[in-house]
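Please treat every number below as a calculation from the coordinates, not as lab data. Being a predicted model, the structure only gives us computed values, none of them experimental. No Cβ is skipped: glycine too gets one built from the backbone with ideal geometry, and neighbour counts run over all protein chains shown.
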């Protein structure tokens, strides 16, 4: 029992408390107005009858309030998702408990609020037949109360039925509104979950495409390094007359080339090539000036600054994989700036030291008046995937003044 009460316990206790307090107020008002002004003048038989009615009202009302949680028990066919442990076999017990609460109104005014809660709950969360059955029991209970329990001055039958139908109609309208709202909320949740799944799938596609792109970019570079290793190894094999100094230099070239090739091979092995499309690599930092010239020709003011050991004369010494990644990040940032902040200047800072790595910072101001169509950030997701594969970091920050992309990549030897 504790299992199926766990999730909605606070709501259930609140509902029971409201039913009990409202029922007690109704009991005091109804039964208090029926008490005689002079209790001493009441015959003993009439006093006994009133005492029995009041005792029966209180007892039946407390029974109805005690059974109310079972009538409101969440089931598997509810619009809401039931808590763990709810079983479909409890539907019969929930229906029986609800009918007991409604039937208690035949003897108790204290049970009236609880019965109204059951009617609304049946109309909003249960099968339609449950609500019809509860209305029939309510009509029977009203007839018993009016013609059997207190037959002093009963209502006409048509007026009694009209009153019951009115109460049932109001409860049915409230329940139907809650059912419609619950269905709408559930539909919106399903749509949101579907949108999240679709976006997650799209993100995975972008990441897979970026990994495939990286593999293609490094195909030619890796093949070139392997061919160098083969060439120098062949020279050592077929030229035994080489001097010690030449052999030492050739061995150093072999060692450095093999280490670089192994690093690039480790990155290549993280992806699977899906097709045989072209494998020409993207340009690197050496082509950064051409990229900036193209951006300036398109109307974007770009301020480029190199720092640390990354002077323009040493740009070509940056490892090819890192150089291409920096080029791609710069290219994507310039595209975003041209798309979302046209006419705004872009500050590009590239600072690198062999012992500390390379930091690329691209900053451009926002354009509040511009309402460009946003693309969803999939370009930045691709860059994030590329940077992570190189064991780097990518940070995107958007403030009221500017949009900044900061990337850090290790300077691999």
Next item on the list: Return the inverse of the average 1/r over all pairs of distinct C-alpha atoms in the stretch 137-207, which is the Kirkwood hydrodynamic radius, in Å to one decimal.
Entry: 16.3 Å
Check: Can you give the FRET efficiency for residue 18 and residue 51, using 1/(1 + (r/R0)^6), R0 = 22 Å, r = Cβ-Cβ distance, to the nearest 0.05?
Finding: 0.20
Notebook entry, point to check: Dividing the convex hull volume of the Cα atoms of the stretch 285-409 by its residue count, what figure in Å³ per residue is obtained?
Noted result: 96 Å³
Note to self: Can you compute the modelled spin-label distance between residue 198 and residue 298, with each label point 7 Å from Cα toward Cβ, in nm?
What the structure shows: 2.8 nm
Item checked: For the stretch 285-409, share of DSSP beta bridges that run antiparallel, in % to the nearest 5 -> 75 percent
Check: Among 159-167, 401-409, what's the highest-first ranking by average C-beta atoms within 10 angstrom per residue?
Finding: 401-409, 159-167
Next item on the list: May I ask you to compute the full-extension gain from residue 29 to residue 191, defined as 0.36 nm times their residue separation minus their alpha-carbon distance, rounded to one decimal in nm?
Entry: 53.4 nm
